[in-house]
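Heads up, the thing below is written out as structure tokens.
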Amino acid sequence: MNRRPLPYFARSVAAALIGLAFFIPLLWVLTGSLRPGNETFARLSPLSWGSFITVDPTLENYSRLFTGDIGRATLNSLLVSVVTVVAGLAICASAAFGLSAFRFRGRTAVFAVVVLSFLIPFDAIAIPLSDMFRDWNLTNTFTGLVLPGIGNGMAIFLLRQFFLAIPTELVEAGRLDGLGWFGVFTRIYLPLSRPALIGAGLTLFLFQWHSYVWPLLMGTDREHILGPVALANLQGQNFVDYGVVFAGAVLLTLIPLAVILGFQRYFIQPVSSSGLK
Amino acid sequence: MSTAPHPVASARRRRNRTGTTTGQGGQAGPARQPGRSGPAGKAGQAGQGRIAVLFLLPALISLALLRLIPAGVALVESFFNESLLQGGRTFVGIGNYTDLIGNPDFRQSVAVTLVFTLIVNPVQIAVSFLLAVLYTQRAAGSKVWRALVVLPIAVPPAVSAVIWSVIYRPDGLANSFLDLLTIPAQPFLTSSSQALPSIIVLLSWIGVGYWMLFLIAGINDIPDDIHEAASLDGVSPWRRLWSITLPLVRRPLAFVLVADTVANLLVFAPVQILTKGGPNGTTNLMMYDVYNRAYAIGDLHTAQAEVILLVAVTLIIVALQFRLLKGDDR
């Protein structure tokens, strides 16, 4: 009835073909990770179903992953991302509380600093910052890897938007009942703000998990290397086992994917509304 | 043409939706609006300021230390130079900037970045918009296909570069597909003319699904009755796409345009992993040029000057966004 640019059938075919086109690289990587490395290219010419599907999958690449550098690097990535989320949420949420629950002189100026800090793209200032970190002996330390992630202007901004909507009456009631300001923050603001906290936590997590410039500048020794850097190093070597490379790529993708899927309701909402207002 | 009422309506719908999904906090929005005076009113202003500072301090320190000061340091350092002859730093004014402008590698990098920006952003946004339109219409398995388009956004940029380095190998997946179509094998990353387009393809693979999500949210905010009314009036589907959908998603579209442009200005991982700026500097995007200048060439002060230029361009683009969106509110 309701006429659309394309009829139902054509639309469905287009939707399916485009979806599959986006999926094929990942499918090829997944299949390649489940077969021995010397078969990665052997199955490509000519292209057939066998290029994308394996009937006798093996987990050998994954077991080699965990005994090699990539497994260690992935654990490092997890550690850095999780610590960033926890510390970053504590710092950003209390800053957002300071900006929304109180009225004080200079509040606008403080807010301007927050906004300016997230308008300066981090990757662009990573080089001068890494120079400073070298002077402070933070190269090849987890502290050095985590620090840039914790003060996230975007997360503060998102949380502040949400906190501003919390009614004054609740705070007044809490104060009358003898809550201190820290109590107001932890007993009233935080429990009411679960969605915003999850959204901000996702922002912090993906900032770290997807970062490349910073870990490349900051943590390159074996104990501190992060997943993406280790995978890129592995790929750059002369003799590469692509089965293992693909297994690493799958692992480094599945972890953020699981996080995004688990919290997908909160994924786009906060970012989009912040951009629009 | 006047579409003034619609953004308001869509904004209201959006707010309502936030209200229902975010529980008490969101619903309470309107109650808070008039004069955001703090709970304790005027009485405790000075004391409140002190407490607020305590809550703000950790974040302010980290923002200053990790964002603002390095930017300031880069700005200051860009006016100095390390001189072996005179020993130590010397003030050179805008010397580093004029050096940069006189440097053919830098000039080529700016040109490459400009061409890249002018191609990658329109392409990604047009594709994201068309896919957003496609995946908001009823179609068999639409949700599943949409999810497959979104899936690559989970892939970290460096990991996607690694994946595509294998796809672009002479014996890789890309050439097998060309073979299927009886097209001769292509060099991709080792060709001056194909390397940049190859990088654009891999960036779009992880980018398009992400930007599409914002546009889908925008399209879903358009009230159904507008389309129905236009449909009853006999407006053709393509015409509706152009004169109803497009104008009504211009706010998310403006956001996506700016955020995408900024993100693409900072592209680094694929260049560093796939081409190292080559062949012949044809993929030497500015972010990689900065890195290369600082570490391979070892000219830190000139690299700082380039950082400042990059930050300045970013801030200009973001400022333009604010202008764009502000003009829109009236």
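What follows is calculated from the coordinates using simple rules that are stated; it is not laboratory data. Small disclaimer: the values here were computed from a predicted structure and weren't measured. Quick reminder, even Gly has a Cβ in these numbers, built from the backbone with ideal geometry, and neighbours come from all protein chains shown.
Enter the mean number of other protein chain beta carbons within 10 Å of the beta carbon of each residue in B:311-318, as an integer. Don't skip to the end; give the middle numbers.
Details: counts 5, 1, 1, 4, 4, 0, 1, 5.
The mean count of partner-chain Cβ atoms within 10 Å per residue comes to 3.
Could you give the dipole magnitude of the protein assembly as shown about its Cα centre, charging the beta-carbon of Lys and Arg +1 and that of Asp and Glu -1, in debye to the nearest 20? It would help to have the intermediate numbers written out before the result.
Numbers: 43 positive and 30 negative charges, 471 e Å.
Dipole size: approximately 2260 debye.
Is the stretch A:98-190 rounded, prolate or oblate when judged by the Cα gyration tensor, a ≥ b ≥ c being the square roots of its eigenvalues, rounded requiring a/c under 1.5 and prolate requiring a/b larger than b/c?
Verdict is prolate for the stretch A:98-190.
Taking the C-alpha atoms of the stretch B:189-267, how large are the radius of gyration and the largest Cα-Cα span, Dmax, in Å?
Both quantities, over Cα of the stretch B:189-267: 17.0, 54 Å.
Counting other C-beta atoms within 10 Å, which of B:ASP299, B:ASP289, A:ASP177, B:ASP179 has the fewest, and how do the rest follow?
Fewest-to-most ranking of B:ASP299, B:ASP289, A:ASP177, B:ASP179: A:ASP177, B:ASP179, B:ASP299, B:ASP289.
Which value, in debye to the nearest 20, gives the size of the charge dipole of the stretch A:100-232 about its Cα centre, when Lys and Arg are +1 and Asp and Glu are -1 at the Cβ?
That gives the stretch A:100-232 a dipole magnitude of about 400 debye.
Taking the protein assembly as shown, how much of its Cα-Cα pair set, in percent, is spaced more than 31 angstrom apart?
Roughly 55 percent, rounded to a whole number.
What is the projected area of the convex hull of the Cα atoms of the stretch A:1-147, averaged over all directions, in nm²?
18.2 nm²
Tally Lys and Arg at +1 and Asp and Glu at -1 over the other residues with C-beta under 14 Å from the C-beta of B:VAL313: what net charge comes out?
-3
Can you give the charge dipole size of the stretch B:145-242 about its Cα centre, rounded to the nearest 20 debye, using +1 on the beta carbon of Lys and Arg and -1 on the beta carbon of Asp and Glu?
For the stretch B:145-242, the charge dipole is close to 340 debye.
Hey, fewest Cβ within 10 Å first, where do A:SER81, B:SER243, B:SER83 land in order?
So the ranking, lowest neighbour count to highest, is B:SER83, B:SER243, A:SER81.
In chain A, if every C-alpha pair distance is counted and binned at 10 Å from zero, what percent goes to each bin?
With a bin width of 10 Å, the distribution comes to 6, 21, 25, 22, 16, 8, 2, 0.
Have a look at B:LEU60, B:PRO152, B:GLY102 and report the one farthest towards the positive end of the charge dipole of the stretch B:53-162, computed about the Cα centre with Cβ charges (Lys/Arg +1, Asp/Glu -1).
Positive-most Cα among the choices belongs to B:PRO152.
Could you list B:ILE316, B:ILE101 so that the one with the fewest beta carbons within 10 Å of its beta carbon is first and the one with the most is last?
Ordered by Cβ neighbours within 10 Å, fewest first: B:ILE316, B:ILE101.
Which of B:SER198, B:ILE244, B:MET286 sits closest to the plus end of the dipole of the stretch B:189-286, meaning its Cα is farthest towards the positive end, when Lys and Arg get +1 and Asp and Glu get -1 on the C-beta?
Most positive-ward Cα: B:MET286.
Between A:LEU226, A:ILE24, A:VAL213, whose Cα lies farthest towards the positive end of the dipole of chain A when Lys and Arg beta carbons carry +1 and Asp and Glu beta carbons carry -1, centred on the Cα centre?
After comparing all options, I get A:ILE24.
Which of A:ASN61, A:ASN233, A:ASN76 moves most in a GNM of chain A, Cα contacts under 10 Å?
A:ASN233
Which value at 222 nm does the protein assembly as shown reach when only helices count, each DSSP H run of 4 or more adding -39,500 (n - 2.57), with the total divided by all residues and rounded to the nearest 500 deg cm²/dmol?
That comes out to -21000 deg cm²/dmol.
With a 10 Å cut-off between alpha carbons and a GNM built on chain A, which of A:ARG35, A:ARG194, A:ARG64 moves the most?
Maximum fluctuation in the GNM of chain A, among the listed residues, is at A:ARG194.
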